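Structure record follows, encoded as structure tokens.
Here, each number is a calculation from the coordinates, and none is a lab measurement. Keep in mind it's a predicted model, so treat the numbers as computed, not measured. We place every Cβ from the backbone using ideal geometry, glycine too, and count neighbours over all the protein chains shown.
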Amino acid sequence: MTLIKHEIKQGKISFMIWTASIGVLMMICIFLFPEMKSQMEDVSDVFSSMGSFTEAFGMDRLNFGTLIGFYAVECGNILGLGGAFYASLCAVGILGKEEKDRTAEFLLTHPVSRGRIVTGKLFAVFGQIMAMNLIIYALSTGSIAAIGEKIPWKELNLLHFTYFLLQMELAGICFGISAFLRKGGVGVGLGIAAMMYFLNLVANIAGTAEFLKYLTPFGYAEGADLVANGAPDGGMTAVGLVFGAAGVILAYLEYCRKDIH
Amino acid sequence: MDAINIRNLTKHYGKARGIEQVNLTVAQGEFFGFIGPNGAGKSTTIRTLLGLIGPTSGSAAVCGLDIVKDKDKILAQTGYLPSEAMFYAGMRVRDVLKLSADLRRKDCRETASRLCQRLQLDTGRKVEELSFGNRKKVGIVCALQHDPKLLILDEPTSGLDPLMQKEFFDILREQNKKGTTVFLSSHILSEIQHNCARAAIIREGRIIACDSVEALSRTNARRVTVHGSVDLDKLEGIRDRRDEPGVVSFLYYGNMDSLLQVLAAGRISDLSVSEPDLEEIFMYYYEKKDGDRI
């Protein structure tokens, strides 16, 4: 518990900045919706006739004129990408930073086993991601209520839950990488999140690259599909969770045996 | 039971040498010195004992506990001061001390505040604002506040001013009197000579001598200083020769008879023969070839 508290304190500023940024952007988007809705007839036509671009963002499958259609694309991208960046950043530095900042000698010469250190840091990462999602969920539902729209609970819950899964998967993968790092991993974290995002865009555009959807969590966390199907794709989600879990297991295996410099 | 018992401990970093077949025993309650220059393997030995790095081969026990299997139990009884103590940016000194105590699940406030007072450490300051010496003091309090059975100190006095060094060694001696084993790694020989009862010398990853400080200092070698003129060229067993106008000084470890004959043949106005200090002995050990004995 001491370690979890310590990690959360250490990550406080980053947590606040990311949560506030994503939350405020989502709120702005939601508050723009009433104005958009009135012009939506024309906009929908424009958005659904932009060829590959339309497909890439799933705008061919959603109705922009409804709140949920709008929310799934606009807010989905903000929370999807922003959340992915935060989750990756948060996880990718958490184990390696002790060696980077040379605090490893301090932490690891206390009677706390490496396994417990990994567990504490893992809980801190997941706890922060969970807290961020809950705050954003509250801000979003509050904003939708504030603009006088009916809250589409089922779809909203599904979207938020799936984006949370996506973040957990990325966090798991980055956590595994973190155990191998001795220097900062900011570039690695951002790179992975961005790469995953673009892999999904490629898969959306090119039919032959459909298999890429199994590699990236953005494959199952696709706003348009989620709203249309009512659930994330089982196969893709399962593969994603295996990736995440593999990252976590790898972190334990590596960190419990590695030499600390 | 020994406080530290190292058996054939070897650590390689890939192909690079760390330590090689180190054997060392430190009894409980000892004030033990570990001497060697930078890169000789002092820190590698210590870091292996503390489980920061795993041994390549060999074994070691601290307080009778195996360094691989019982790492956490060892760490619970040990206080460690790293040569460069680093802490989490943004934390105040008192938070670092509390974090350290909490990680040990102990309430150390009383001891901590006493130590901070003696070391004149301001607990309200942020750690990143501290000078190297003040950071070291935080490390010292972290290493001592939980009353460990064994203290492992890696070059503890670097950064401390002479007054603080004195206070620090006073604290160490008090702890040692209470039964704490002190393992002091340093390249400052006077520190070892003044405080330790026994010491080991490490060179290129191997222990080359381990004895009481008195015995280590007591060698056949003598520091000879000659005023006048004398021909030393044929004399064997000279090291560290220093020539100044009219004075020649050298460390002599050869046959005394030969020395006297050479001296008798010269013109000498003054002569002193003294026991070398540990510093000179240390240089001597370091210049020796592998396997040589004094």
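Annotation: the range B:2-213 has a Kirkwood hydrodynamic radius of 17.4 angstrom, from the mean reciprocal C-alpha pair distance. Sequence-ordered 3J(HN,Hα) estimates for the range B:96-111 from the Karplus curve with 6.51, -1.76 and 1.60 and θ = phi - 60° stand at 5, 4, 5, 4, 4, 5, 5, 5, 8, 6, 9, 9, 10, 4, 5, 4 Hz, glycine and proline given as x.
Hydrodynamic radius of the protein assembly as shown by the Kirkwood approach over all distinct alpha-carbon pairs: 27.9 Å.
Each Lys or Arg adds one and each Asp or Glu subtracts one; over the other residues with Cβ under 11 Å from the Cβ of residue B:197, this totals -2.
Evaluated with a Cβ-only charge set (Lys, Arg +1; Asp, Glu -1), the range B:222-275 carries a dipole of roughly 40 debye about its Cα centre, given to the nearest 20.
Available extension along the chain between residue B:12 and residue B:243 is 79.0 nm, counting 0.36 nm per residue and deducting the alpha carbon span.
Think of each Lys and Arg Cβ as +1 and each Asp and Glu Cβ as -1; about the Cα centre, that makes the dipole of chain B roughly 1160 debye. Restricting the trypsin sites (Lys or Arg not before Pro) of the range B:1-98 to loop positions (DSSP other than H, G, I, E, B) with no more than 15 neighbouring Cβ atoms within 10 Å leaves B:15, B:69. Would you work out which of A:252, A:26, A:109 lies farthest towards the positive end of the dipole of the protein assembly as shown, given +1 charges on the beta-carbon of Lys and Arg and -1 on that of Asp and Glu, about the Cα centre? The Cα lying farthest towards the positive end belongs to A:109. Annotation: extensible slack from residue A:208 through residue A:194 equals 2.9 nm (criterion: 0.36 nm per residue apart, minus Cα-Cα distance). Each Cα pair under 8 Å and six or more residues apart adds its separation to the average, and for chain B the resulting relative contact order is 20 percent. Working from Cα pairs under 8 Å separated by at least six residues, relative contact order for chain A is 29 percent. For the range A:216-250, the residues whose amide N sits under 19 Å from a probe point set 7 Å from the Cα of residue A:77 along the beta carbon direction are A:217-228. Projecting the Cα positions of A:126, A:138, A:228 onto the charge dipole of the protein assembly as shown (unit charges on Cβ atoms of Lys, Arg, Asp and Glu, taken about the Cα centre) puts A:126 furthest along the positive direction. Largest first, the three principal axis extents of the alpha carbons in the range B:222-275 are 24, 21, 19 Å in whole numbers. Annotation: extensible slack from residue B:92 through residue B:223 equals 42.1 nm (criterion: 0.36 nm per residue apart, minus Cα-Cα distance).
Charge dipole of the protein assembly as shown (Cα centre as origin; +1 on each Lys and Arg Cβ, -1 on each Asp and Glu Cβ, all else neutral): 1440 debye, rounded to the nearest 20. Percent of C-alpha pairs per 5 Å bin in the range A:108-200, short distances first: 2, 11, 16, 18, 16, 13, 10, 7, 4, 2, 1, 0. Taking every DSSP beta bridge that has both ends in chain B, the antiparallel portion is near 70%. This ranking places A:174, B:63 by how few other beta-carbon atoms lie within 10 Å of each, fewest first, which gives B:63, A:174. Between residue B:125 and residue B:273, the simple label model (points 7 Å from Cα in the Cβ direction) yields a spacing of 5.3 nm. For residue B:66 and residue A:245, a Förster radius of 41 Å and the Cβ-Cβ distance give a FRET efficiency of 0.80, rounded to the nearest 0.05. Treating r as the C-beta distance of residue A:183 and residue B:147 and R0 as 25 Å, the FRET efficiency rounds to 0.10. Calculated [222 nm] ellipticity per residue, helices only, for chain A: -23500 deg cm²/dmol; basis is -39500 (n - 2.57) per DSSP H run with n ≥ 4, divided by all residues, nearest 500. The distance between label points at residue A:102 and residue A:229 comes to 5.1 nm (points 7 Å beyond Cα on the Cα→Cβ vector). Over chain A, the fraction of Cα-Cα pairs per 10 Å bin, rounded to whole percents and listed from the shortest bin up, is 7, 30, 32, 20, 9, 3, 0. FRET efficiency for the residue A:253 to residue B:197 pair, using the beta carbon distance and R₀ = 60 Å, is estimated at 0.85.
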